[in-house]
Amino acid sequence: MARAFLVVLDSVGIGGAPDADQFFNGNVPDTGANTFGHIVEACLSGAANEGRNGALHIPNLDGLGLGAAALLANDTLPANFPTPNGLWGAATEVSKGKDTPSGHWELAGVPVPWDWHYFPDMTPALPPEITKEITRLSGTDGVLGNCHGSGTEIIDRFGAEHLKSGWPIVYTSADSVLQIAAHEDQFGLDRLLTLCRELAPMLHDKRVGRVIARPFLGDIGGFQRTSNRKDYAIKTPEPTLCDWVSDAGGKVHAVGKIGDIFSMQGIDDVVKGPDADLMSHLVDLTKTVEDGSLTFANFVEFDSIYGHRRDVSGYARALEWFDAELPRVLDNMRSGDLILFTADHGNDPTWVGTDHTRERVPVVGFGVGQKPIGHVAFADVSASIADHLGVPNRGPGKSFL
């Protein structure tokens, strides 16, 4: 029997989304956003030399076909890429969102069948009934923030007041999400997780995709988010690839925030941590997981640390780090294994604003030889993995194998 590995490089989009003009950062449409392409251009021009130097160096991903996939999506990159030796193509999303659940659900065979609820970019951003419920559940007299903001900026703005008042910091973004930040020691990690867990059903009823607990530590001038983030995501409306594999008797191993995204539906176990630790976990799994299994991984720091913070050099360094680690993964592939690398959306670090960008995503893989697949749908990824594992495809996608 075969094994399958699906690895999401969170936010590593390749531009070219045909409906990018319908998605915005502030008042600016995402038309022309291209996470990978603009990083390549910045590296070539010398605009991404903090902690690194020169052209983007990712020979392993490029060898599989990442550069070729980006050219397929855009045909505008000023760079030469090698002839791919792996599976490569570009995937287009149909779900009306550029967020984590939309991308992951559709990759797993379930396009989002509804319109997400988004909070307006104003202060206060939340309706009074949600704010009232947060204060009731937290036992506080109020909340801080109640606005759009990015995670690190929001704790810098409100962290000191949070320590003084004990009120949770509540914020949102252009995604369908409500995030609550609190100090692990002063507010309490368990208290924060309980607050978010008990609040989540109310938000899910309103079609808000996720409630996210964002714990942090430190003191004034030195606040830092911890790895104890917890996402409380709305459940998928239909069984996903994880359920298909599980129902067929296979094991599903999650790496990173996959367990949170899918509310552990169809998932046997999960490991979490920073991306460096997740890479070690993934390497271990390539050595040990059983035939017939799916390993589903997400590497989030491309998005959370570099994309949202518009850090081009940092994003380039992260891509080069991942590429340098890739042989540790590929060296453990067995005959009959399939590993696919893709993304869930874009987050162009050269773009305006701080939010995700609507883009096509790469699909590159190892295990089936040289195989150009052209333009495919997000849902074709799950259909192809199901085909590879010999389990029924219960979604709308078609196998490209």
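A few remarks follow.
- Pair list, Cβ under 8 Å, 6 or more apart: the stretch 180-203 residue within 11 Å of residue 214 (Cβ to Cβ) and in contact (Cβ under 8 Å) with a residue 12 or more places away in the chain, other residue of a type in the set (D, E, K, R) and in a helix (DSSP H, G or I): 182/191; 192/184
- Per-region count, the stretch 175-210, residues within 22 Å of residue 163 (Cα to Cα) and of a type in the set (Val, Ile, Thr): 2
- Taken as a whole, the structure leaves residue 350 outside the set of residues that are farther than 21 Å from residue 49 by Cα and not aliphatic (A, V, I, L, M).
- Summed over the stretch 42-56, residues that are farther than 16 Å from residue 307 by Cα and within 23 Å of the chain's Cα centre (by Cα) total 1.
- Counting only residues that are in a strand (DSSP E or B) and over 15 Å from residue 9 (Cα atoms), the stretch 355-393 holds 8 of them.
- Boolean, residue 143 is crowded, with 21+ Cβ neighbours inside 10 Å, touching a Ser or Thr at 6+ places or on another chain (Cβ under 9 Å), among the β-branched types (Val, Ile, Thr) and without any contact (Cβ under 8 Å) to a residue 40 or more places away in the chain: yes
- Of all the criteria given as (1) in contact with a helix residue (DSSP H, G or I) (Cβ under 7 Å, 6 or more places away or on another chain); (2) under 27 Å from residue 111 (Cβ atoms), the one not satisfied by residue 278 is (1).
- When residue 308 is tested against (1) within 18 Å of the chain's Cα centre (by Cα); (2) at pLDDT 95 or above; (3) of a type outside the set (Gly, Ala, Ser), only condition (2) is not met.
Yes/no per residue for (1) among the polar types (S, T, N, Q); (2) in contact (Cβ under 8 Å) with a residue 60 or more places away in the chain:
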residue	(1), (2)
35	yes, yes
40	no, no
50	no, yes
68	no, yes
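- Residues of the stretch 344-384 that turn out to be surrounded by fewer than 19 Cβ atoms within 10 Å (Cβ to Cβ) and in contact with a Pro (Cβ under 8 Å, 6 or more places away or on another chain), as a count: 2
- When 173, 102, 138 are screened for being at pLDDT below 95 and surrounded by 16 or more Cβ atoms within 10 Å (Cβ to Cβ), only 173 passes.
- Test: residue 91 is at pLDDT 95 or above and either in contact with a helix residue (DSSP H, G or I) (Cβ under 6 Å, 6 or more places away or on another chain) or within 21 Å of residue 365 (Cβ to Cβ) (or both): yes
- Matching residues, the stretch 281-296, being free of Cβ contacts under 8 Å to residues at least 24 places away in the same chain and touching a helix residue (DSSP H, G or I) at 6+ places or on another chain (Cβ under 6 Å): none
- Scanning the stretch 290-308 for residues that are of a type outside the set (S, T, N, Q) and surrounded by 18 or more Cβ atoms within 10 Å (Cβ to Cβ) yields 294, 296, 297, 299, 300, 301, 302, 303, 305, 306, 307, 308.
- Top-ranked residue of the stretch 53-81 - restricted to ones that are in contact with a Gly (Cβ under 6 Å, 6 or more places away or on another chain) and assigned to a loop (DSSP other than H, G, I, E, B), ranked as surrounded by the most Cβ atoms within 10 Å (Cβ to Cβ): 65
The values are calculated or read from the model by the stated rules, or taken from the named source; none is laboratory data. Keep in mind that this is a model prediction, so the values were computed, not measured. Here the Cβ is made from the backbone with ideal geometry for all residues, glycine too, and neighbour counts use every protein chain on show.
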